[in-house]
Amino acid sequence: MQSVDQLLARALSVVGDGRPGHEPIVYCDGKGGFDPAAASPAQDFDVAAKLASASAEARAQWQHIASQADIDLNQPGLTLPGCDCSGFVCWALGFTRQPAPNVWINTDSIWADANGHATRFRKLARAVPGCLVVYPKPRKEKFGHVGIVTAVDAGGEARTIVHCSAKNFMAAPFESILNNDTDAFRLQPLSIYAWSRDVQGPPSA
């Protein structure tokens, strides 16, 4: 079982800050978080196969980002390290995102557990460092989102989070895992704070 300090150190160790020699982690839904013992949450994926199954809009977006990030999408056999928000959070917490066949830990299951049986995640009234902030898939969107709170304000609201997101990857330094603002959650009314029972605690919040 990790302490909060260990959790945050692990999560922040893969934050993409454009440092020399650091391989950027691409946002790719459904990737990453399968091996909690790995040094990185990312999972290599076949870029050509991903683009072949993507919508025309998504392919155009990939082309635009790649041109800015100096990624040659036409390179034969190109693979990139990819991860999504749930994969990153599961890796940071030290467990796999697929604990059993056809069982997935994702934004919907985290949110439902915290609001229901609280088997693995307990809902909190206030944010504390190391807790999750999560919302499930909204009706008109493809996915929900989850991140790890790294700092809170005096009112008990998250001030910064470390998270893996498509929005992070869309602008320089073209890194999907960043420690930054909480806009995605602040603007989503279904967002809740949740504590993982795999982290030492629980807090009193």
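No lab work stands behind these numbers, since they all come straight from the coordinates. Since the model is a prediction, treat every value here as computed from it, not as a measurement. So basically every Cβ, Gly included, is an ideal-geometry build from the backbone, and we count neighbours across all protein chains shown.
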Rounded Å value of the spacing that divides the Cα centres of the stretch 68-116 and the stretch 126-205: 15 Å
Top of PRO99, PRO136, PRO76 by mean-square fluctuation, Gaussian network on the chain, Cα under 10 Å: PRO76
Diffusion constant of the stretch 103-205 at 37 °C, which comes from Stokes-Einstein with the Kirkwood Cα-pair radius and 0.692 mPa s, µm²/s: 236 µm²/s
Trypsin sites (Lys or Arg not before Pro) within the stretch 113-205: DSSP coil, no more than 11 neighbouring Cβ in 10 Å: ARG139, LYS140, LYS142
Choice from ALA37, ALA54, ALA92 with maximal GNM fluctuation in the chain (Cα, 10 Å cutoff): ALA54
Spread of Cα-to-Cα distances over 5 Å intervals beginning at zero, given as percent, for the stretch 4-196: 1, 8, 16, 21, 21, 16, 10, 5, 2, 0, 0
Length-normalised contact order for the chain - Cα pairs under 8 Å, 6+ apart - percent: 26 percent
Angstrom value of the Kirkwood radius, inverse mean 1/r, which spans all Cα pairs in the stretch 19-90: 13.0 Å
GNM flexibility winner over the chain from SER176, SER191, SER165 (Cα, springs under 10 Å): SER191
